[in-house]
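See structure below.
The values are calculated or read from the model by the stated rules, or taken from the named source; none is laboratory data. If you're wondering where the values come from, they're calculated on a predicted model, not measured in any experiment. Backbone-built Cβ (ideal geometry, glycine too); neighbour counts: all protein chains shown.
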């Protein structure tokens, strides 16, 4: 049985989030959401992994960033971040040939540290201290 793509008010199915365009601070498209990462304990979405570049799935780079850094922009029909294209490209990434080990606590810490430094004054995710 196929899962139907649905929206309920402010809720959206994960199947509709994946593939949604992400726009930078200037309103230009910088990538698309490839997947969302959900915290097992809280059930909250913690990260979005953006796909950027490549052609037909080859050479695509994957950029994880905090879900909290995205807001839905109805005018653009996608998510928007305060990041510029160059800030995103300078962040933690992995290629389609590499594996990003989310079980390694250093991976999400690197994401939060990089983007936390960009947005000075914003506290890092307090859940980091609770990761094994």
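A search for C-beta distances below 8 Å between a residue of region 54-80 that is at positive phi and modelled with pLDDT of 90 or more and any residue that is assigned to a strand (DSSP E or B) and surrounded by 11 or more Cβ atoms within 10 Å (Cβ to Cβ), counting only pairs 6+ apart in sequence or on different chains, returns 77/21.
Residues of region 77-95 that are touching a strand residue (DSSP E or B) at 6+ places or on another chain (Cβ under 7 Å), farther than 20 Å from residue 11 by Cβ and surrounded by 15 or more Cβ atoms within 10 Å (Cβ to Cβ): 81, 85, 88, 91, 92, 93, 94. In summary, residue 28 fulfils each of the numbered conditions (1) at pLDDT below 90; (2) more than 13 Å from the chain's Cα centre (by Cα) with the single exception of condition (1).
Restricting to region 106-132, what's the tally of residues that are modelled with pLDDT under 85 and either assigned to a loop (DSSP other than H, G, I, E, B) or more than 26 Å from residue 16 (Cβ to Cβ) (or both)? Count: 16. Of the residues making up region 4-25, those that are modelled with pLDDT of 90 or more and assigned to a strand (DSSP E or B) are 21, 22, 23.
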